[in-house]
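The values are calculated or read from the model by the stated rules, or taken from the named source; none is laboratory data. Values in this document were obtained by computation on a predicted structure and should not be read as measured data. Glycine gets a Cβ as well: all are built from the backbone with ideal geometry, and neighbour counts include every protein chain shown.
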Amino acid sequence: MKEPNSILYVQTSDMPERQYSPLVLAQTAKMMDLKPRVYFLGMGLKILMPGVAKTIKLGTFPNVQEMIEKTLAMGIEIFACEASKQMLGLQKVELLPGVKVVGAGTLNDLALDAEATMWF
């Protein structure tokens, strides 16, 4: 069943210039009283490894770690795919605090429940 006013942002890339959009959009959605969620999949999980997000800073934006921390502080859930974690050999790596590691089926459920999805 569709969850009213919900948007799912899916991050599949570890390219620095693609990290800001889902976080900025999720924060903006939250300020608009929408229910955003962010899901990291595939190569996107590399950004969630300790120390990586701190090294990405573009333009006048804060670094990506600060953006992730602000997103979480706003009450926006951030998910990471367990299967992607295994695929990348990160089974024993603790990802950034606050990120929920979930099964691949969760992405299907979130996508089915969201009124809109955006992929990056």
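Quick look at the numbers
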quantity: Residues of the stretch 17-42 classified as more than 11 Å from the chain's Cα centre (by Cα) and within 17 Å of L96 (Cα to Cα), total; calculated: 1
quantity: Residue among L8, L23, L45 that alone is among the hydrophobic types (A, V, I, L, M, F, W, C), at pLDDT 95 or above and in contact with a Cys (Cβ under 9 Å, 6 or more places away or on another chain); calculated: L45
quantity: Flag for L23 being assigned to a loop (DSSP other than H, G, I, E, B) and surrounded by 14 or more Cβ atoms within 10 Å (Cβ to Cβ); calculated: no
quantity: Any pair with Cβ under 7 angstrom, 6 or more apart, that starts in the stretch 35-56 at a residue that is free of Cβ contacts under 8 Å to residues at least 60 places away in the same chain and ends at one that is part of a helix (DSSP H, G or I) and surrounded by fewer than 18 Cβ atoms within 10 Å (Cβ to Cβ); calculated: P36/K30; V52/K46; I56/P16
quantity: Residue match in the stretch 6-15 (condition: exposed (fewer than 15 other Cβ atoms within 10 Å of the Cβ), in a loop (DSSP other than H, G, I, E, B), on the phi > 0 side of the Ramachandran plot and under 14 Å from the mean Cα position of the chain (by Cα)); calculated: no
quantity: Qualifying position, being of a type outside the set (A, V, I, L, M), surrounded by 13 or more Cβ atoms within 10 Å (Cβ to Cβ), without any contact (Cβ under 8 Å) to a residue 24 or more places away in the chain and closer than 17 Å to D109 by Cα, among E3, E77, E82, E66; calculated: E82
quantity: Residue among V93, V64, V52 that is hydrophobic (A, V, I, L, M, F, W, C), out of contact with any strand residue (DSSP E or B) (no Cβ under 8 Å at 6 or more places or on another chain) and modelled with pLDDT under 95; calculated: V93
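Every residue, every condition in (1) of a type in the set (G, A, S); (2) under 22 Å from K92 (Cα atoms); (3) in a helix (DSSP H, G or I), yes or no:
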position: E3; (1), (2), (3): no, no, no
position: Q27; (1), (2), (3): no, no, yes
position: K30; (1), (2), (3): no, no, yes
position: L45; (1), (2), (3): no, yes, yes
position: L58; (1), (2), (3): no, no, no
